[in-house]
Amino acid sequence: MRLGIDLDGVVANFNAGWMRRYNDEYGTDLKPEMVHSWDAFVPLTRFDTNAEFWEWAQNAGGRGLFRDLPLYPDALESLTRLSGAHKIVIITTKPRWATAETFAWIADNEIPTREVHITRRKWEVDCDVYLDDGPHNLDSLVLERPDRTVCRFIRPWNEPVPGAIDVDSWDIFETLVNGRFS
């Protein structure tokens, strides 16, 4: 089976990564638990627009933000186990400037994949099962791939999506994949 796996918010803890860098630079004490909506960085920071945040993210600390994101607990272990019987296909959306650092992050963290797609149109990548946390991505995947299994990794910034299966841990996702497709 081909498992289409998102990175940020699913494998990589995007909020912990940008908050660590922001806290170091601005002397704040932001925590990932403070995020309750998509694009929460604007109301939580000194930035007035998404564009300002992304400009900072590209240049902060001399390296782009996506190179230093921490892994979510259990993500790598689950992906490694799943890769024994299934193909792990990374499907992520990134700014153009983050392409090289995304590939470096995948290598540094030894993500078990041989296929990576950086695209806003995730449904165009043919997979049997998709795992994502982005509200807009989940809606599109359910709409464009109604014959496939779409899983919503439950996060505070997303709501249930009709047609998507809710998972709240890597163990649950592994159990679902192995139970359905073994």
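A few comments on the model shown:
- Among (1) within 19 Å of THR149 (Cα to Cα); (2) out of contact with any Gly (no Cβ under 9 Å at 6 or more places or on another chain), the one test that LYS94 misses: (1)
- Top-ranked residue in segment 93-110 [being closer than 21 Å to GLU174 by Cβ and more than 13 Å from the chain's Cα centre (by Cα); ranked as surrounded by the most Cβ atoms within 10 Å (Cβ to Cβ)]: ASN109
- Verdict on ASN23 being of a type in the set (S, T, N, Q), at pLDDT 95 or above and under 19 Å from the mean Cα position of the chain (by Cα): no
- Filtered residues of segment 117-138 (kept if closer than 22 Å to ASN15 by Cα and surrounded by 15 or more Cβ atoms within 10 Å (Cβ to Cβ)): HIS117, ILE118, LYS122, TYR130, LEU131, ASP132, ASP133, GLY134, PRO135, ASN137, LEU138
- Test set (1) in contact (Cβ under 8 Å) with a residue 12 or more places away in the chain; (2) assigned to a helix (DSSP H, G or I) - ILE172 fails condition number: (1)
- Among residues of segment 78-112 being free of Cβ contacts under 8 Å to residues at least 40 places away in the same chain and hydroxyl-bearing (Ser, Thr, Tyr), the one that is farthest from GLY9 (Cα to Cα) is SER83.
- Total residues in segment 111-159, condition β-branched (Val, Ile, Thr) and part of a loop (DSSP other than H, G, I, E, B): 5
- Matching option when the condition is charged (D, E, K, R), within 22 Å of ASN13 (Cα to Cα) and surrounded by fewer than 22 Cβ atoms within 10 Å (Cβ to Cβ), among ARG148, ARG155, ARG180: ARG155
- Figure legend. Inter-residue proximity from segment 1-25: first residues under 15 Å from ASN158 (Cα atoms), second residues basic (Lys, Arg), beta-carbon distance below 9 Å, spacing 6+ or different chains. Indicated pairs: ASP6/LYS122; ASP8/LYS94; GLY9/ARG155; VAL10/ARG155; ASN15/LYS31.
- Pick from segment 57-89, criterion within 19 Å of ASN137 (Cβ to Cβ), in contact with a helix residue (DSSP H, G or I) (Cβ under 7 Å, 6 or more places away or on another chain) and not small (Gly, Ala, Ser), ranking: modelled with the highest pLDDT: ILE88
- For GLY64, the criteria (1) assigned by TED's automatic domain parsing to the domain that holds TYR130; (2) under 14 Å from TRP105 (Cβ atoms); (3) of a type outside the set (A, V, I, L, M) hold in every case but one, which is (1).
- Enumerated helices (runs of 4 or more DSSP H) restricted to segment 34-85, each holding at least 2 residues that are over 18 Å from SER169 (Cβ atoms): 41-44, 50-59
- PHE53 vs. criteria buried (at least 17 other Cβ atoms within 10 Å of the Cβ), modelled with pLDDT of 90 or more and not assigned by TED's automatic domain parsing to the domain that holds VAL125: yes
The values are calculated or read from the model by the stated rules, or taken from the named source; none is laboratory data. It should be emphasised that the depicted structure is a prediction, and the values quoted were computed from it without experimental measurement. With ideal geometry, Cβ positions are generated from the backbone for all residues, glycine too; neighbour counts draw on all protein chains shown.
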